[in-house]
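Engineer: Pasting in a structure now, in structure tokens, and then I'll have a few things to ask.
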Amino acid sequence: MPKISAPTLVEQRAWRRSQLLDAASAIALENGPTSITVSSVAARAGLSRTSFYDYFSSSSEIVAELIADELNSFTHYLNEKVAAVSAPEEAITAWIEGSLEYVADGRHLLARALSTIELSVERSSQIGLAHRKMLASLSTPLAQLGIRDVRQALALIHATTESATRRIEAGVDSASEIESTRSFIIAGLKALQR
């Protein structure tokens, strides 16, 4: 039986699981997402290959978990940005700026790299839901602005910030890209108001 170093079995399992996630994350950042294999992650975490399967069913399962964790952190960050202001336009501005600042400082690189890995239909669906949750904090401010079709506005905001994300990743000056994206979205939202 393996040695337990945490106070309880539940804490031990959580700690080991965290070790595996940290190992997979480090491997992805150092060598690319295709380097995440059951063997490489287990070895990096100091576990046997068979022990890996006590926590994850496959390498794609641990990748999906890493993406979900990153998207949840990103969502929490954006929700805090939006909650810090009260006026609807300020909330939308805070979300846009927060989203693109997160990209500009590189915090999204792991999720971006991992998104190239093929996942199960169920996990892809969960990640799609996590992406939609990132936009959820914009629904109320958009409705408060009198936007006729909030879903359309969310789709347009998402598409515009995705485009800005790719430009920032390509080396465009992030400060000017964030400002022009914010201006473009705010102007576009005015056209969607009732």
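The values are calculated or read from the model by the stated rules, or taken from the named source; none is laboratory data. In this text, all values refer to a predicted model and were calculated from it rather than measured experimentally. Backbone-built Cβ (ideal geometry, glycine too); neighbour counts: all protein chains shown. All accessible areas refer to the heavy atoms of the entire protein, side chains included, with ligands and DNA or RNA removed. Shrake-Rupley method; radii C 1.70, N 1.55, O 1.52, S 1.80 Å.
Engineer: So if I average 1/r over every pair of distinct C-alpha atoms in the chain and take the inverse, what Kirkwood radius in Å does that give?
Structural biologist: So the Kirkwood estimate lands at 18.5 Å.
Engineer: Report the paramagnetic label zone for Ala68: residues of segment 117-144 whose backbone N is under 20 Å from a point 7 Å from Cα along the Cα-to-Cβ axis.
Structural biologist: Once the point is set 7 Å along Cα→Cβ of Ala68, 117-136 turn out to lie under 20 Å by backbone N, inside segment 117-144.
Engineer: State to the nearest 20 debye the size of the charge dipole of the chain about its Cα centre, where the only charges are +1 on K and R beta carbons and -1 on D and E beta carbons.
Structural biologist: The calculated dipole for the chain is roughly 420 debye.
Engineer: Quick one: Cα centre-to-centre distance for segment 43-70 and segment 123-194, in angstrom?
Structural biologist: For segment 43-70 versus segment 123-194, the Cα centre distance is 33 Å.
Engineer: Can you tell me how much longer the chain between Ala26 and Ala143 gets when fully stretched, taken as 0.36 nm per residue apart minus their C-alpha distance, in nm with one decimal?
Structural biologist: 38.0 nm
Engineer: Where Rh is the Kirkwood radius over the Cα pairs of segment 1-89, the temperature 10 °C and the viscosity 1.306 mPa s, what D in µm²/s does Stokes-Einstein return?
Structural biologist: Estimated via Stokes-Einstein, D reaches 108 µm²/s.
Engineer: If you put +1 on each Lys and Arg Cβ and -1 on each Asp and Glu Cβ, how big is the dipole of segment 116-194 around its Cα centre, in Debye rounded to 20?
Structural biologist: 420 debye
Engineer: While we're on this one: With every protein chain present, what is the per residue accessible area of segment 1-109 (1.4 Å probe, Å²)?
Structural biologist: 51 Å²
Engineer: In whole angstrom, and with the biggest value first, how far do the Cα coordinates of segment 117-193 range along each principal axis?
Structural biologist: 39, 33, 15 Å, listed from the longest principal axis down.
Engineer: Over the C-alpha atoms of segment 38-106, what are the Rg and the largest Cα-to-Cα span, Dmax, in Å?
Structural biologist: For segment 38-106, the Cα-based Rg and Dmax read 18.0, 53 Å.
Engineer: Ignoring ligands, DNA and RNA, what percent of the accessible area of the chain is carbon or sulfur (1.4 Å)?
Structural biologist: Carbon and sulfur atoms account for 54 percent of the accessible area of the chain.
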